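Derivation of every value follows stated rules applied to the coordinates shown; laboratory data play no part. These numbers were taken from a predicted model, which means no experiment stands behind them. Using ideal geometry, Cβ is built from the backbone for each residue, glycine included, and neighbour counts are taken over all protein chains shown.
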Amino acid sequence: MGLGADRTRGVNVDRVEKWLVTQDEKALVQGDLVQWAMAAHDLAKSNSYVIPEDHQLGEGYVEKNVLTVVQQLGSAGVRLANILNSLLGRLPEAPQKRIEQMSHTM
């Protein structure tokens, strides 16, 4: 079976959340943007860029790489949240109150 229309079969929010609850959030946010990019590139080279000889990205390829995708999505979400929280914590009081008010109306 090829990837077809079901390209996200193994990756979903539930799977990312289940992985995240097993992780140390402080460890995930260690480092900087360059280190995160280099680590992601190393993972891609050792996993995603390893293409089968027949060049068919079928079930085996997806299964081999789905955990890496889950880990990268989870890590990126935590890192982005950390950056945004840090930036929002630096806002003057008036915009911060407005953001809080907006979040309560959603």
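Given their separation in residues at 0.36 nm each and the Cα-Cα distance between them, Glu63 and Asp14 gain 16.0 nm when the chain is fully extended.
About the centre of its Cα atoms, region 13-105 shows a dipole size close to 440 debye [charges on the beta carbon of Lys, Arg (+1) and Asp, Glu (-1) only; nearest 20 debye]. With each label modelled as a point 7 angstrom along the Cα→C-beta vector, the Ala37-Ser103 pair spans 2.9 nm. A Förster radius of 41 Å, combined with the Cβ-Cβ distance separating Ile51 from Asn85, puts the computed FRET efficiency at roughly 0.60.
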